[in-house]
Amino acid sequence: MKTRAAVFWGPGRPFTIEELDVREPRPDEVVVRMVAVGICGTDLHSVKGEFMRPTPSVLGHEGAGIVEEVGAEVSGLVPGDEVVLSWAPSCGECADCRRGRPAACTRLHAAIGAGTLVDGTTGLSLNGETVYRGTATGCLAERVVVTSKVALPVAGVPLRDAALLGCAALTGVGAVLFAARVAPGSSVLVVGGGGVGQFVVQGARIAGASVVVAVDPVEPRRAQALALGATLVVGPDELDAALAEVAPEGVDHSFDAVGDPSTTATALQLTRSGGCAVIVGLPATGARLDLEPAQFIRREKWLTGTMYGSEDPAVALPVLLDHVRAGRLKLAPLVGPSYPLAEINEAIEASLAGSAGRVLVTP
C-alpha cells in the first residue's frame with residue numbers, strides 16, 4: 001500500500017510531500033483515510049527543535065477520518081465508520097494501563113521517543129528506508145494504518161470539528177473534569193489561550209466554575225476565550241491587577257496550558273492556599289522548574305500534571321461527545337484556517353504565528 005504524506009526532515013528544514021510505502025494492515029489493524037488533522041503544540045516542539053526525535057518522520061496525532069479497511073480480528077468497526085484517532089492506545093500490560101491510565105503507558109512513551117508505534121515498528125518507508133511516526137501516530141498523511149484501539153467512533157460530529165477531539169479537547173477538558181475535578185462555584189485561572197487553553201476554558205464552564213480568568217498575549221485568543229465561557233480575559237501585564245479584583249486570595253484551580261517553567265510558576269503563584277495548580281502544556285525537553293518550597297509548606301498548595309486529560313480516551317471521548325451533542329462543548333468556533341496537505345509548510349507557519357483557531361490540514 002502507498003500513501004502521500006508530509007515528511008518532516010528536522011528543525012529548520014521544510015516538510016516535503018512524499019509517496020510512502022505502508023505496511024499492509026495486520027489482523028488487529030484498520031486503514032483510515034484522513035479527513036482533517038490539527039497542528040498541535042507537540043508537533044511544533046519538534047519543528048522548533050525542542051523535541052529531538054528520529055527523522056524523517058510523519059508528524060500529526062490529532063486527526064479524524066473514515067475507516068476504509070478492517071483486519072480480520074477487528075470488531076466494532078466497519079468500513080465507512082467515522083473515527084477520531086487516539087494517540088494513547090492501551091498496551092493492557094503495564095501498571096499504568098492496568099490502572100486505566102493508558103496515556104502514562106511506559107511502552108507508549110518509549111515508542112513516542114523512538115518514533116515508532118507501540119509495537120516498536122513504524123510500518124512506513126521511503127525508498128526502502130524507515131520513516132518514523134510522530135507521537136506514535138503520524139497522521140499527516142492521506143491514509144494511516146493503526147490498531148483498532150486507536151480509531152474511536154465519532155458519528156454525528158463533522159470530521160473537521162471532530163479532529164480536535166483527538167488531542168486538544170481530551171487534554172484541555174479532561175484536565176478540568178478528570179484531573180482537577182473542578183467543583184461548581186470554583187474560581188479558575190487558565191494561563192495560555194491556544195488550542196488546549198480554549199478547551200480548558202470550556203471545561204471550567206462545563207464544570208460550573210463561577211470565575212474563569214484566561215490570560216494570553218494574543219488579543220484574538222482572548223476574544224475567543226471570552227466567547228467560549230471565560231468571565232474575564234486579560235493580557236499578561238494585566239493579570240495581577242485583575243485577580244486582585246476577582247480572586248484576591250488566589251484562585252481555587254490554575255491551569256498552565258503553555259508548559260513553560262515561567263507560566264507554571266505564574267499559575268502556582270496565583271493559586272490560593274490549599275488550591276491546586278495543574279500543568280497541562282508540554283515543556284521543551286530539558287526544562288526545569290525553580291519553585292519556592294514555602295508555596296507547598298506554609299500555603300499547602302498542590303502542583304500536579306495531567307497527560308491527555310488523565311483518563312482513558314475510550315472512556316473520556318463518549319463523555320465529551322455527550323457535551324458536544326448537548327451544545328455544552330463547542331468545537332466549530334475553535335477550528336482555524338485549513339490547508340491542503342501540499343501546503344503543510346504554510347499550515348505550520350500559521351500555527352507558529354499564533355492562530356486564534358486550530359490550524360487544520362485536510363489531506
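Descriptive notes on the structure:
- Exactly one residue among Pro102, Pro11, Pro54 is assigned by TED's automatic domain parsing to the domain that holds Asp119 and closer than 21 Å to Ala151 by Cβ, and that residue is Pro102.
- Condition check for Ser90: crowded, with 21+ Cβ neighbours inside 10 Å, of a type in the set (S, T, N, Q), closer than 18 Å to Asp119 by Cα and at pLDDT below 95: yes
- Of the residues Gly203, Gly197, the single one that is touching a residue at least 40 places away in the same chain (Cβ under 8 Å) and either buried (at least 24 other Cβ atoms within 10 Å of the Cβ) or closer than 15 Å to Val278 by Cα (or both) is Gly197.
- On inspection, Pro318 fails the criterion of being surrounded by fewer than 20 Cβ atoms within 10 Å (Cβ to Cβ) and either over 15 Å from Val173 (Cα atoms) or touching a His at 6+ places or on another chain (Cβ under 9 Å) (or both).
- Counted residues, the range 49-99 - those being among the hydrophobic types (A, V, I, L, M, F, W, C), in contact (Cβ under 8 Å) with a residue 24 or more places away in the chain and in a loop (DSSP other than H, G, I, E, B): 9
- Summed over the range 275-297, the residues that are in a loop (DSSP other than H, G, I, E, B) and within 19 Å of the chain's Cα centre (by Cα) give a count of 6.
- Filtered by the rule that a residue be among the basic types (Lys, Arg) and touching a residue at least 40 places away in the same chain (Cβ under 8 Å), the range 153-192 gives a lone residue, Arg160.
Yes or no, residue by residue, for (1) in contact with a Gly (Cβ under 9 Å, 6 or more places away or on another chain); (2) closer than 20 Å to Leu243 by Cβ; (3) of a type in the set (A, V, I, L, M):
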position	(1), (2), (3)
Val145	yes, no, yes
Pro153	yes, no, no
Leu159	yes, no, yes
Cys167	yes, no, no
Gly185	yes, yes, no
Val200	yes, yes, yes
Ser210	yes, yes, no
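- Some residue of the range 283-292 being in contact with a helix residue (DSSP H, G or I) (Cβ under 7 Å, 6 or more places away or on another chain), buried (at least 24 other Cβ atoms within 10 Å of the Cβ), at pLDDT below 95 and outside the structural domain of Gly357 (by TED's automatic domain parsing): no
- If you check Ala95, Ala141, Ala88 for being of a type outside the set (Ser, Thr, Tyr) and more than 17 Å from Glu29 (Cβ to Cβ), only one passes: Ala95.
- Test: residue in the range 257-272 that is under 22 Å from Pro333 (Cα atoms), in the same structural domain as Gly193 (by TED's automatic domain parsing) and either hydrophobic (A, V, I, L, M, F, W, C) or surrounded by 15 or more Cβ atoms within 10 Å (Cβ to Cβ) (or both): yes
- Of the strands (runs of 3 or more DSSP E) contained entirely in the range 120-170, those carrying at least 3 residues that are under 24 Å from Ala316 (Cα atoms) fall at 143-147, 151-153.
- Positions within the range 236-269 being touching a helix residue (DSSP H, G or I) at 6+ places or on another chain (Cβ under 7 Å) and either over 19 Å from Ala179 (Cα atoms) or in a helix (DSSP H, G or I) (or both), in sequence order: Leu268
- Identity of the residue in the range 10-35, of a type outside the set (D, E, K, R) and more than 23 Å from Arg53 (Cβ to Cβ), that ends up surrounded by the most Cβ atoms within 10 Å (Cβ to Cβ): Val30
- Test result for Val78, closer than 16 Å to Thr147 by Cα, crowded, with 20+ Cβ neighbours inside 10 Å and at pLDDT 95 or above: no
The values are calculated or read from the model by the stated rules, or taken from the named source; none is laboratory data. Computed from a prediction, not measured in an experiment: that's the story for all the values here. Here Cβ is always computed from backbone atoms with ideal geometry, including for glycine, and neighbour counts include all displayed protein chains.
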